[in-house]
Amino acid sequence: MGDRIPRICSCGCGGLTNGDSYIAGHNRSSNNRRRDRQANRLPTNSTTWEKCKLYLKNVGNVFCQRVDENGYRCSELVWGFHHILPAEDYPSLATHHENLVGVCLRCHNKVEAAPERSRFVPTLYRTPMSDEPMPHILFRSGEKIPPGVELWTPENRRKRFEV
């Protein structure tokens, strides 16, 4: 018999087998790992999350919302959406528009490195299927934000959501 094609272990560990269903030492009772992982899936791994991101971009959140230390809004295009309050800690806020901001890749890395120092212009939002007017952009990309404007921060988002 020739070489067998490697397969992913059926227990859910993600390891490769030598062609069998399970890695040596793993068995059907190890299937609990897969069930545990699926039970703990974040809402960010769902079609709801994908629709939320698409909707926020379509409403006009196409430029990075991060405001730098000098008060200027970033001028790069959105790479992805960032949770101001982490989805792992606040899963009920994972798709709430007041906890999401569009960021470019460079700013996302900066935000991840120092989340408590991050500041963002508010996310544009309009209730889906409503007669509300489309939101207008308050501050253009690359523009200096005037003093006294309330920017979104982790601190004021915790107060907003009372968490």
Checklist line | The lone exception for residue 129 - which of (1) among the aliphatic types (A, V, I, L, M); (2) at pLDDT below 95; (3) in contact with a helix residue (DSSP H, G or I) (Cβ under 9 Å, 6 or more places away or on another chain) it fails | finding: (3)
Margin query: So residue 87 passes all but one of these: (1) of a type in the set (Gly, Ala, Ser); (2) more than 23 Å from residue 117 (Cβ to Cβ); (3) modelled with pLDDT of 75 or more. Which condition number does it fail?
Written below: (2)
Item checked: Matching entry among 61, 70 (being part of a loop (DSSP other than H, G, I, E, B), in contact with a Leu (Cβ under 6 Å, 6 or more places away or on another chain) and over 19 Å from residue 158 (Cα atoms)) -> 61
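Does any residue of the range 114-134 turn out to be surrounded by 12 or more Cβ atoms within 10 Å (Cβ to Cβ), of a type in the set (A, V, I, L, M, F, W, C) and within 23 Å of residue 46 (Cα to Cα)? If you could, list the steps in order and put the result at the bottom.
Of the residues in the range 114-134, the ones surrounded by 12 or more Cβ atoms within 10 Å (Cβ to Cβ) are 115, 118-126.
Subset that is of a type in the set (A, V, I, L, M, F, W, C): 120-121, 124.
When the remaining residues are screened for being within 23 Å of residue 46 (Cα to Cα), the result is 124.
Checking the range 114-134: at least one residue is surrounded by 12 or more Cβ atoms within 10 Å (Cβ to Cβ), of a type in the set (A, V, I, L, M, F, W, C) and within 23 Å of residue 46 (Cα to Cα).
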Next item on the list: Output the residue which, of all residues in the range 57-74 that are of a type in the set (S, T, N, Q) and within 14 Å of residue 138 (Cα to Cα), is surrounded by the fewest Cβ atoms within 10 Å (Cβ to Cβ).
Entry: 61
Item checked: Selection count, the range 141-163, where residues are touching a strand residue (DSSP E or B) at 6+ places or on another chain (Cβ under 7 Å) and either part of a loop (DSSP other than H, G, I, E, B) or not assigned by TED's automatic domain parsing to the domain that holds residue 61 (or both) -> 5
Next item on the list: Find the residue count for the range 101-134, including only residues that are assigned to a loop (DSSP other than H, G, I, E, B), within 16 Å of the chain's Cα centre (by Cα) and of a type in the set (Val, Ile, Thr).
Entry: 1
Item checked: In the range 57-68, residue farthest from residue 144 (Cα to Cα) [restricted to those that are at pLDDT below 95 and of a type outside the set (A, V, I, L, M)] -> 58
Margin query: Can you tell me which residue is nearest to residue 84 (Cα to Cα) among those in the range 107-163 that are touching a residue at least 60 places away in the same chain (Cβ under 8 Å) and small (Gly, Ala, Ser)?
Written below: 141
Note to self: residue 143 - would you say it is under 20 Å from the mean Cα position of the chain (by Cα) and either more than 22 Å from residue 51 (Cβ to Cβ) or surrounded by 15 or more Cβ atoms within 10 Å (Cβ to Cβ) (or both)?
What the structure shows: no
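The values are calculated or read from the model by the stated rules, or taken from the named source; none is laboratory data. In this text the structure is predicted, and so the values were computed from the model without any measurement. Every residue, glycine as well, gets a Cβ built from its backbone with ideal geometry; the counts of neighbours run over all protein chains shown.
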